[in-house]
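Have a look at the structure below before the remarks.
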Amino acid sequence: RLDIGHGNTIREFCTLNIGTVQDVGITRIGDDNWIMAYVHVAHDCQLGSHTIIANAVQLGGHVQLGDWAFLGGLSGVHQFVRVGAHAMTGFQTRLSQDLPPYVTASGNPAEAQGINQEGLKRRGFSAERIAQIVAAGFEFEVTEAQMKRYLARRHRQGAKDHTGQLKCDEIADTV
């Protein structure tokens with residue numbers, strides 16, 4: 001099934017696939033989204049509300065996109081990836097692991113560039129609230145040495161997620 005909410009703008013040549021029995025069976029598009037031309041939304045994706053998905057973005061199956069997220073043109077999002085609320089990707093970003101709320105990422109592969117401060121200002125967040133989010137973001141930075149220790153421990157345990165890469169909440173638990 002494909003559920004499309006109210007007030008969405010879906011431009012020409014977009015593909016929106018129905019859900020499958022391997023998941024809840026529903027691909028869901030929230031309300032007031034702007035989905036530009038040539039966007040592909042694969043099966044079982046869950047898109048929040050007020051998102052902007054620029055031209056030719058490709059979403060793999062089971063992707064979760066939080067409210068107010070912005071995906072830059074020609075970006076690709078790997079299956080099962082979660083993009084948090086108010087997060088943003090730059091032009092041609094390859095996103096193969098979760099992107100936390102409020103974070104801006106770009107590149108191939110994607111790298112965090114900082115907090116999406118401009119987007120938060122445009123949505124009416126106070127300067128004080130933005131400063132709190134920025135400060136919290138810096139508390140969760142992970143050094144390369146911490147990451148190597150974490151990966152070695154995960155490898156010894158034989159644990160991998162669907163892409164063989166780390167998830168944001170696991171990194172935060174490591175620090």
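For T27, indicate whether it is among the β-branched types (V, I, T) and farther than 16 Å from D67 by Cα.
Numbers: among the β-branched types (V, I, T): yes; farther than 16 Å from D67 by Cα: no.
So T27 does not fit the description; no.
Considering each residue of the range 62-110, count those that are of a type in the set (S, T, Y) and within 17 Å of Y38 (Cβ to Cβ), and give that number.
Residues of the range 62-110 that are of a type in the set (S, T, Y), as a first pass: 75, 89, 93, 96, 102, 104, 106.
Subset that is within 17 Å of Y38 (Cβ to Cβ): 75, 89, 93.
Here the count works out to 3.
Can you tell me how many residues within the range 60-76 are assigned to a loop (DSSP other than H, G, I, E, B) and of a type in the set (A, V, I, L, M, F, W, C)? Don't jump to the end; show me each part of the working.
Looking only at the range 60-76, we keep the residues that are assigned to a loop (DSSP other than H, G, I, E, B), and these are 60-63, 66-69, 72-75.
Going one step further and asking which of them are of a type in the set (A, V, I, L, M, F, W, C), we end up with 63, 68-69, 74.
Qualifying residue count, the range 60-76: 4.
Does the range 1-21 include one or more residues that are of a type in the set (K, R), open to solvent by 60 Å² or more (accessible area, probe 1.4 Å) and farther than 30 Å from I115 by Cβ? Don't jump to the end; show me each part of the working.
To start, the set of residues in the range 1-21 that are of a type in the set (K, R) comprises 1, 11.
So of that shortlist, the ones also open to solvent by 60 Å² or more (accessible area, probe 1.4 Å) come out as 1, 11.
When the remaining residues are screened for being farther than 30 Å from I115 by Cβ, the result is 1.
Taking every residue of the range 1-21 in turn, at least one turns out to be of a type in the set (K, R), open to solvent by 60 Å² or more (accessible area, probe 1.4 Å) and farther than 30 Å from I115 by Cβ.
Against the condition out of contact with any His (no Cβ under 8 Å at 6 or more places or on another chain) and of a type in the set (S, T, N, Q), how does T20 come out, does it pass? Step through it out loud before you land on a result.
Working: out of contact with any His (no Cβ under 8 Å at 6 or more places or on another chain): no; of a type in the set (S, T, N, Q): yes.
Here the answer is no, as T20 does not meet what is asked.
So which residues in the range 46-59 are open to solvent by 30 Å² or more (accessible area, probe 1.4 Å), outside any loop (DSSP other than H, G, I, E, B) and within 19 Å of H86 (Cβ to Cβ)? Walk me through it before giving the result.
Applying the first criterion (open to solvent by 30 Å² or more (accessible area, probe 1.4 Å)) to the range 46-59 yields 46, 50, 52, 55, 58.
Remaining after also requiring outside any loop (DSSP other than H, G, I, E, B): 46, 52, 58.
Q46, I52 - these are the residues of the range 46-59 that are open to solvent by 30 Å² or more (accessible area, probe 1.4 Å), outside any loop (DSSP other than H, G, I, E, B) and within 19 Å of H86 (Cβ to Cβ).
Collect the residues in the range 77-110 that are more than 22 Å from H43 (Cβ to Cβ), of a type in the set (S, T, N, Q) and in a strand (DSSP E or B), keeping them in residue-number order.
Listed by number, the residues that qualify are T104, S106.
Residue by residue through the range 22-45, note down the ones that are closer than 25 Å to R122 by Cα and open to solvent by less than 50 Å² (accessible area, probe 1.4 Å). Full working, then the answer.
To start, the set of residues in the range 22-45 that are closer than 25 Å to R122 by Cα comprises 29-37, 39.
Selection gives I29, G30, N33, I35, M36, A37, V39.
Can you work out which of the residues in the range 60-76 that are in contact with a Lys or Arg (Cβ under 7 Å, 6 or more places away or on another chain) and over 10 Å from H86 (Cα atoms) is least open to solvent (accessible area, probe 1.4 Å)? Full working, then the answer.
So the first thing to find is which residues in the range 60-76 are in contact with a Lys or Arg (Cβ under 7 Å, 6 or more places away or on another chain), and the list is 64, 68, 76.
Next, from what is left, pick out any that are over 10 Å from H86 (Cα atoms): 64, 76.
Details: Q64: 92, G76: 26 Å².
Out of the qualifying residues, it is G76.
The values are calculated or read from the model by the stated rules, or taken from the named source; none is laboratory data. Nothing here was measured: the structure is a model prediction, and the numbers come from that model. Here Cβ is always computed from backbone atoms with ideal geometry, including for glycine, and neighbour counts include all displayed protein chains. Accessible surface areas use protein heavy atoms only, side chains included; no ligands, DNA or RNA. Shrake-Rupley method; radii C 1.70, N 1.55, O 1.52, S 1.80 Å.
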